[in-house]
Amino acid sequence: MSDTSMIGTLRVKTGLAEMLKGGVIMDVVTAEQARIAEDAGAVAVMSLERVPADIRAAGGVARMADPTIVDAIVKAVSIPVMAKCRIGHFVEAQVLQSLGVDYLDESEVLTPADEEHHINKWDFTVPFVCGCRNLGEALRRIAEGAAMVRTKGEPGTGNVVEAVRHMRTVTDEIAWLKGIRGEQLFAAAKDLEAPYELVKWVADNGRLPVVNFSAGGIATPADAALMMQLGCDGVFVGSGIFKSGDPAKRAKAIVEATTHFEDADIIARVSRDLGEAMVGINISDIPDSERMQERGW
Amino acid sequence: MKIGVLALQGAFREHIVSLEALGVSPVAVRLPEQMTDCVGLVIPGGESTAIGKLMETYGFYDAVAQQHGAGMAVWGTCAGAILIAHEVLDALPEQRSLDLMDISVRRNAYGRQVESFEADLDIDGLDGGDFRGVFIRAPWIESVGEGVEVLARHDGHIVAARQDDLLATTFHPELTGDPRMHRYFVEAVVGR
């Protein structure tokens, strides 16, 4: 029977993302933080050398984490571990796959390694998640083999406004595709700069073909529930947890608000006495050249 | 017939769609009182630790045990199979299970995501040939007690089992579009 066995199929790649739905994926930089995240009910952790807020503050070139940090986090928890590689840096991806990471994030939070090409993600057994600001960008990443997408938001800001903009854009564009006629889909594919077959699939099914999480600026339980009500499948919280006053309590509160995203009484209860939230940044205060969401093509 | 699908986290929507296709009206269960009058409950795949913690916070451990005692059938897929097991191997120290079914389940038994796989399964009680099993960071059932019927194995490991009104599968029928496992739960387990 085992001769029918196949690893690395699209279905097991997209399937892991299906299992993460309704959950919170948390950025962590140490084994200790990873355990706090797991205890709080995170469905996965993103192993990093620095959270986006610190990457933003430090400037310079941001790269994949030191394998020692990734190893320590992989050993510390039993939930899936994700890690970020630079856009287009397929060798960082190969290294992270060899470390046993469960999902790779080809991420605009790190400094891009290639300004024209993303990684050919079909070459890998490990699945990839990629960022998007709109439907065309999501479908280009899926065409390259991404098994999950996330709207980008603006990482490291604690400001949800860009996450909202990107989620609404994707949702509106899907609604638009559903409403147009067959021959218009060819022009839509051209406008979206995405493969016709994927554009047609979205028009026929009224949704993305893979799971879509929200990322980039979520800092409170209400932020997480807002993104869920806007239609995402789950949330990434980066700097918002471990840059706050009481990470364990805030992490658990965000997990509960993500599950009970339509229950205002529960969101109100878990939002009480969480201590200091991370200090946010207004998007207009960030020079265009430092906006991470502009990275990716 | 009211069948609940535990909707705290994970692939609950796919179970709801699969059950709707069989003409059952499933309900998404986020709070224990939403299980009232349910004759069956599906605990979906997801992260067993995350689902378990939310179950604890919202009082599901006692509520599910109580309703199962009153006749509600329960089906656990993947993380759900872990949550209904008597014993969980490679669990977190404080990880709690519902302890409903006399099986011992090993978490992440095949390894990490790069070992996730699909394979054809020959499942007792399902007509129509092999069933495509999708195994994602899957557990396996290491051993079963008396009164537990083994329904399927893969490479020697138990991947599906039944004990009266309890069903455990370590793979994901809800991701395949094949309705037979859901029909088996509704007709043979809930409707026993």
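Some observations on this one:
- Annotation note: of A:269, A:207, A:250, the sole residue that is of a type in the set (Lys, Arg), assigned to a loop (DSSP other than H, G, I, E, B) and farther than 19 Å from residue A:57 by Cα is A:207.
- Filter result for residue B:100 (without any contact (Cβ under 8 Å) to a residue 60 or more places away in the chain and either under 23 Å from residue A:16 (Cβ atoms) or surrounded by 15 or more Cβ atoms within 10 Å (Cβ to Cβ) (or both)): no
- Count of the stretch B:8-40 residues which are closer than 19 Å to residue B:83 by Cα, in a strand (DSSP E or B) and away from chain A (no Cβ under 14 Å): 1
- Test: residue in the stretch A:36-56 that is modelled with pLDDT of 95 or more and either surrounded by fewer than 17 Cβ atoms within 10 Å (Cβ to Cβ) or basic (Lys, Arg) (or both): yes
- Filtered residues of the stretch B:41-75 (kept if on the phi > 0 side of the Ramachandran plot and either of a type in the set (D, E, K, R) or more than 14 Å from chain A (Cβ to nearest Cβ) (or both)): B:71
- The stretch A:251-277: number of residues that are more than 10 Å from chain B (Cβ to nearest Cβ), out of contact with any Pro (no Cβ under 8 Å at 6 or more places or on another chain) and closer than 18 Å to residue A:34 by Cβ: 1
Yes/no matrix, rows are residues, columns are (1) surrounded by 24 or more Cβ atoms within 10 Å (Cβ to Cβ); (2) more than 7 Å from chain B (Cβ to nearest Cβ); (3) polar (S, T, N, Q):
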site: A:12; (1), (2), (3): yes, no, no
site: A:15; (1), (2), (3): yes, no, no
site: A:30; (1), (2), (3): no, yes, yes
site: A:59; (1), (2), (3): no, yes, no
site: A:71; (1), (2), (3): no, yes, no
site: A:81; (1), (2), (3): yes, yes, no
site: A:91; (1), (2), (3): no, yes, no
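- Residue, farthest from residue A:6 (Cα to Cα), within the stretch B:76-131, restricted to residues that are away from every other protein chain (no Cβ under 13 Å), under 14 Å from the mean Cα position of the chain (by Cα) and charged (D, E, K, R): B:99
- Restricted to the stretch B:151-192, and to residues there that are charged (D, E, K, R), assigned to a loop (DSSP other than H, G, I, E, B) and more than 14 Å from every other protein chain (Cβ to nearest Cβ), the residue that is nearest to residue B:23 (Cα to Cα) is B:192.
- The listed residues are A:19, A:6, and the only one of them that is within 7 Å of chain B (Cβ to nearest Cβ), aliphatic (A, V, I, L, M) and either touching a Lys or Arg at 6+ places or on another chain (Cβ under 6 Å) or surrounded by fewer than 21 Cβ atoms within 10 Å (Cβ to Cβ) (or both) turns out to be A:6.
- Any hit, the stretch A:103-120, residues being surrounded by fewer than 23 Cβ atoms within 10 Å (Cβ to Cβ), facing another protein chain (nearest Cβ under 10 Å) and closer than 25 Å to residue B:10 by Cβ: no
One line per residue, one yes/no per condition, for (1) buried (at least 21 other Cβ atoms within 10 Å of the Cβ); (2) touching a residue at least 60 places away in the same chain (Cβ under 8 Å); (3) touching a Lys or Arg at 6+ places or on another chain (Cβ under 7 Å):
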site	(1), (2), (3)
A:219	yes, yes, no
A:226	yes, yes, no
A:242	yes, yes, no
A:249	no, no, no
A:254	yes, yes, no
A:264	no, no, no
A:268	no, no, no
A:280	no, yes, no
A:295	no, yes, no
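The values are calculated or read from the model by the stated rules, or taken from the named source; none is laboratory data. As the structure is a computational prediction, the values presented were derived from the model and not from experiment. Here the Cβ is made from the backbone with ideal geometry for all residues, glycine too, and neighbour counts use every protein chain on show.
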